[in-house]
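Just below is one structure, and these are the notes that go with it.
The values are calculated or read from the model by the stated rules, or taken from the named source; none is laboratory data. These numbers were taken from a predicted model, which means no experiment stands behind them. Virtual Cβ from ideal backbone geometry, glycine too; neighbours counted across all protein chains shown. Areas reflect the complete protein model, heavy atoms only, side chains present, ligands, DNA and RNA absent. Shrake-Rupley method; radii C 1.70, N 1.55, O 1.52, S 1.80 Å.
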Amino acid sequence: MQDDKTSAAPAIELIDICKSFGPVRANRDVSLRVEPGTIHGIVGENGAGKSTLMNVLYGHYQADSGEMRVAGQAVILRSSADAIGLGIGMVHQHFMLVSNMTVLENVMLGSEGGPLLRSGKRETLNTLKRLADDYGMEVDADAVIADLPVGIRQRIEIIKAIKGGARILILDEPTGVLTPGEADKLFEVLRALQRNGVTVLLITHKLDEIMAITDAVSVMRHGEIVGHRRTQDTSPAELARLMVGRDVLLSVDRGSANPGEVLLQVSELACTSSRGRQVLSDISFDVRSGEIFGIAGVSGNGQTELLEVIAGMRKFEAGSVALLGETITPGAPKTPAQIRDLRVAHIPEDRHQFGLILSFDAKGNAILGYHQSADYGSGYFLDEDAVATHCNKLMSDHDVRPGNPALAARNFSGGNQQKLVIARETDTDPKILIVGQPTRGVDVGAIEFIHRQLLALRDAGCAILLVSAELDEIIGLSDRIMVMNGGRQMGILDSADAGRDRLGTMMAGIAEAATP
Amino acid sequence: MMSEFAFQFLLTLDATLRVATPLILCAMAGIFSERSGIIDISLEGKLLMGAFVAATVASLSGSVWLGAICAIASCVVLALIHGFACITHRGNQVVSGLAINMLASGLTVTVGIALFRQGGQTPPLGNTERFRPVEWWFVDALDAIPVIGPIYRELISNHNILVYVALVMVPVTALLLYKTRFGLRLRAVGEVPEAVDSAGVSVTWLRYRAVILTGLFCGLAGAYLSTAQGAGFVREMSAGKGYIALAAVIFGNWRPVPVLLACLLFGFLEAASTRLQGIDIPLIGEAPTQLMLALPYIMTVLLLAGFVGKSTPPTAIGEPYQK
């Protein structure tokens, strides 16, 4: 038996896979061997080519060159249907579920078992029951997707991937949208699948997940594989070094805070969405100068709306927001420009939609929102030279590369785009900084730089409100942490008392400590 | 008096069916295209082309059925052109639809003049070149029975075959959408094409099948206009019915039965505006002619301005699918 296992052909073998999109070489000579029945991790920064590689393996993209073997057989995949036929299933980072259809319809899609749905429905119900029995993946077949929480939606994606008896399961960043508790449940399911002989490929950029669950790990950087390791023989520090190509501090030493007077005060805030759903209810907190106030929560629990209300981008129904003594109420709103003039800076969650105009050049983006200032021209005209000089200064101060003010914003990497936004917003020496997802889609090296900047601002006396979906980022930077769930605050903790488990419980909607 | 009003009302309902038939066929056509994610403002152009081809072929060949088949074929060709632009080449769906409407408008008149030299019209069609009303059984026997007799004679019997086809196509569309593999995939592809693709189903081929069905239904609607309701083709005879059908699709929330009701409502308003003029309406009295004439348009504007109900279009509508 033992011999059989070691001599068995690898579940997947990729040899010299290359894939380019126009001039971008997403995968270069990638070779990968995945042993059957293992959980194999693939780590790398955003844009390292992990997702591209998996989409090649799933037949969604066709490789430009290279060879692929599944269970020892050379294969050519022309479409996802070919991959499914070979027993490969994939759970995408963005869920591929039709939200106005039922669970049953979504699971059936693509394997309806005949031109009429009737017999297929019965069969699919049996499959759902079998999977619930085997792996504990219970779902309500008649529920409509839109009504289900993210964790259950992901479960449905996994069911879709393995319902036909897939032997290889690819998961692309599966934990990004989950609470820590939901992530643990996912890992239990993956282990159960592994026990049943399924080979799991797990793409992630979270090193602790790799250490916790995988048997082996491959590291990608700039489209190439830069190392294969057995998980038990490696460490997070080594993996981070491989990912970035140099030593990285995984956590920044933040020192102690010196909170001063209250600069931002939110009281009993309530807000409904344009569709009439209550997105914020009874939110109250304050942020002092010289502290970072973090808001933890799974994406979509009201954090986005809270930031928008404070930045003046969203109307609200009740309560008030006091910024540096100026009070904003539903009856006396302020525009984003008026709020900015109070020296409140805003680094929006979605930099592509609200932070930058991607088709404008860097120097145009460097003054957005501040373009009325007398520094950049007078009357109706912009002083192009002054704008360029300003942009050059921002770029050198904040290490934005390439340092070319005439380059369009879309041509910078995610990390450098974010550095440009942060440079613009913090250069004015704000009293209050509202920041959403500061390191989303940013590479590990730039994350360290951005974290240092936020801490430097804090130490200079700025009051910082930080929203992030990355729990580690919240814990690593914040002096106090508020947890949100379903538009409500579940409690405010000092960061010294806030462990992952405790925060995770609160993020799942179980309140504890009363608001101090 | 089985009162003047009641009888006029019955005739109005009868006219409603006749006016609504091309709307129903076109609207079912629109459901297929739009549910698959392809906006189709070229229902109008296809309807016009279908009407022209049906009348022309019927006039030249003497066969109304051959006319209808050729009408369907011509509309499928237009649908494929729309598909080629929007699906294969990911073009703008509104622009492509607009182009087809202009093509149909110009081509029907030009070819019509070249063939018949009657200012773009076809010659009047004879009885064998038209779909004639179908008389049902026992019409005369039932005539003696009050209420049921007239309703049976006027409303149920004595329509041409295409009216019944249109009515049957509603449940057929509903069954196709909700009870078949094709329907499940069609609904999914208009919402999340990525889901269909990752399930190993071709988005392109699925959408092509949807627009082909759209062409098929539009062809029937066109044949109805010129060889059943009318007796020949008149230039621009579609007169915005394709757009009204599209409005009915939106108003009916892309679902067959509500869309049917919307078509009947639009049909009723149009029929009422001509039939109920100068008639005493109980409780209201005689409505001013001008108001009755304006009513369909007022209602259309009100309905489409979204004062009644809220519509949620397929999520991926109008967006070309790119891997």
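Report, by residue number, each residue of the range A:351-376 that is touching a Lys or Arg at 6+ places or on another chain (Cβ under 7 Å), of a type in the set (Gly, Ala, Ser) and on the phi < 0 side of the Ramachandran plot.
Passing the criteria: A:Ser359, A:Ala366.
Evaluate the following for B:Thr173: is it touching a residue at least 12 places away in the same chain (Cβ under 8 Å) and either within 26 Å of B:Leu302 (Cα to Cα) or of a type outside the set (A, V, I, L, M) (or both)?
Yes.
With (1) open to solvent by 20 Å² or more (accessible area, probe 1.4 Å); (2) touching a helix residue (DSSP H, G or I) at 6+ places or on another chain (Cβ under 8 Å); (3) of a type outside the set (Val, Ile, Thr) as the list, and A:Gly491 as the residue in question, which single condition is left unmet?
Every condition holds for A:Gly491 apart from (1).
Could you please find all residues in the range A:84-127 being open to solvent by 60 Å² or more (accessible area, probe 1.4 Å), free of Cβ contacts under 8 Å to residues at least 12 places away in the same chain, within 9 Å of another protein chain (Cβ to nearest Cβ) and under 24 Å from A:Val150 (Cα atoms)?
A:His94
Taking the criterion of being within 19 Å of B:Val211 (Cβ to Cβ), of a type in the set (A, V, I, L, M, F, W, C) and in a helix (DSSP H, G or I), would at least one residue in the range B:55-67 satisfy it?
For the range B:55-67, residues within 19 Å of B:Val211 (Cβ to Cβ), of a type in the set (A, V, I, L, M, F, W, C) and in a helix (DSSP H, G or I): absent.
Filter the range A:73-83 for residues that are free of Cβ contacts under 8 Å to residues at least 24 places away in the same chain and open to solvent by less than 20 Å² (accessible area, probe 1.4 Å); which is nearest to the other protein chains (Cβ to nearest Cβ)?
Only one residue tops the list, namely A:Ser80.
Cβ-Cβ distance below 6 Å, separation of 6 or more or different chains: which pairs start in the range B:74-101 with a residue that is closer than 17 Å to B:Glu44 by Cα and end on one that is among the small types (Gly, Ala, Ser) and open to solvent by 20 Å² or more (accessible area, probe 1.4 Å)?
Going by the 6 Å Cβ cut-off, the qualifying pairs are B:Gln93/B:Gly318; B:Ser96/B:Ala85.
Return the residues of the range B:1-35 that are within 12 Å of the chain's Cα centre (by Cα) and farther than 15 Å from B:Asn158 by Cβ; say none if nothing qualifies.
Of everything in the range B:1-35, those that are within 12 Å of the chain's Cα centre (by Cα) and farther than 15 Å from B:Asn158 by Cβ turn out to be B:Val19, B:Ala20, B:Pro22, B:Leu23, B:Ile24, B:Leu25, B:Cys26, B:Ala27, B:Met28, B:Ala29, B:Gly30, B:Ile31.
So A:Pro236 fits all but one of (1) more than 30 Å from A:Val24 (Cβ to Cβ); (2) touching a helix residue (DSSP H, G or I) at 6+ places or on another chain (Cβ under 7 Å); (3) surrounded by fewer than 22 Cβ atoms within 10 Å (Cβ to Cβ); what number is the exception?
The number of the failed condition is (1).
For the range A:472-488, name all the residues that are within 24 Å of A:Gly441 (Cβ to Cβ) and surrounded by fewer than 21 Cβ atoms within 10 Å (Cβ to Cβ).
A:Asp472, A:Ile475, A:Gly476
Taking only the range B:80-137 into account, find how many residues are among the hydrophobic types (A, V, I, L, M, F, W, C) and closer than 28 Å to B:Val211 by Cα.
Going residue by residue through the range B:80-137, those that are among the hydrophobic types (A, V, I, L, M, F, W, C) are B:80-81, B:84-87, B:94-95, B:98-100, B:102-104, B:107, B:109, B:111, B:113-116, B:125, B:131, B:134, B:136-137.
Remaining after also requiring closer than 28 Å to B:Val211 by Cα: B:80-81, B:84-87, B:94-95, B:98-100, B:102-104, B:107, B:109, B:111, B:131.
So the count comes out to 18.
Evaluate the following for B:Ser226: is it in a loop (DSSP other than H, G, I, E, B) and under 23 Å from B:His159 (Cβ atoms)? I'd like the intermediate steps shown before the answer.
Details: in a loop (DSSP other than H, G, I, E, B): no; under 23 Å from B:His159 (Cβ atoms): yes.
Against the criterion (in a loop (DSSP other than H, G, I, E, B) and under 23 Å from B:His159 (Cβ atoms)), B:Ser226 does not qualify.
Does at least one position in the range A:10-23 carry a residue that is part of a loop (DSSP other than H, G, I, E, B), open to solvent by 40 Å² or more (accessible area, probe 1.4 Å) and among the acidic types (Asp, Glu)? Before the answer, list the steps.
Filtering the range A:10-23 for residues part of a loop (DSSP other than H, G, I, E, B) gives A:10-11, A:22-23.
After this cut, where a residue has to be open to solvent by 40 Å² or more (accessible area, probe 1.4 Å) as well, the list is A:22-23.
This time we only want the ones that are among the acidic types (Asp, Glu), so: none.
So far as the range A:10-23 goes, no, none of its residues is part of a loop (DSSP other than H, G, I, E, B), open to solvent by 40 Å² or more (accessible area, probe 1.4 Å) and among the acidic types (Asp, Glu).
If only one of A:Asp134, A:Asp140 is more than 14 Å from every other protein chain (Cβ to nearest Cβ), in contact (Cβ under 8 Å) with a residue 60 or more places away in the chain and open to solvent by 40 Å² or more (accessible area, probe 1.4 Å), which one is it? So that I can check it myself, show each step before the final result.
Details: A:Asp140 fails: in contact (Cβ under 8 Å) with a residue 60 or more places away in the chain.
Sole residue among the options that is more than 14 Å from every other protein chain (Cβ to nearest Cβ), in contact (Cβ under 8 Å) with a residue 60 or more places away in the chain and open to solvent by 40 Å² or more (accessible area, probe 1.4 Å): A:Asp134.
If we keep just the residues of the range A:317-348 that are within 27 Å of the chain's Cα centre (by Cα) and buried (at least 21 other Cβ atoms within 10 Å of the Cβ), which is nearest to A:Thr426 (Cα to Cα)?
Here the answer is A:Ala345.
Test B:Arg207 against the stated conditions and say whether it is crowded, with 21+ Cβ neighbours inside 10 Å and more than 9 Å from chain A (Cβ to nearest Cβ).
Criteria met by B:Arg207.
Which ones in the range A:160-216 are part of a loop (DSSP other than H, G, I, E, B), open to solvent by 40 Å² or more (accessible area, probe 1.4 Å) and among the charged types (D, E, K, R)?
Across the range A:160-216, the qualifying residues are A:Lys163, A:Arg167, A:Lys206, A:Asp215.
Looking at A:Gly44, A:Gly59, which is the one that is buried (at least 17 other Cβ atoms within 10 Å of the Cβ), within 14 Å of chain B (Cβ to nearest Cβ), within 26 Å of the chain's Cα centre (by Cα) and of a type in the set (Gly, Ala, Ser)?
A:Gly59
Can you tell me how many residues in the range B:42-69 are crowded, with 21+ Cβ neighbours inside 10 Å and farther than 17 Å from B:Ser105 by Cα?
Residues meeting the conditions: 6.
Identify, by number, the condition in (1) surrounded by 12 or more Cβ atoms within 10 Å (Cβ to Cβ); (2) at pLDDT below 80; (3) not small (Gly, Ala, Ser) that B:Pro314 doesn't meet.
(2)
Filter the range A:217-233 for residues that are part of a loop (DSSP other than H, G, I, E, B) and open to solvent by 40 Å² or more (accessible area, probe 1.4 Å) and give the result.
Within the range A:217-233, the subset part of a loop (DSSP other than H, G, I, E, B) is A:222-223.
Listed by number, the list holds a single entry, A:His222.
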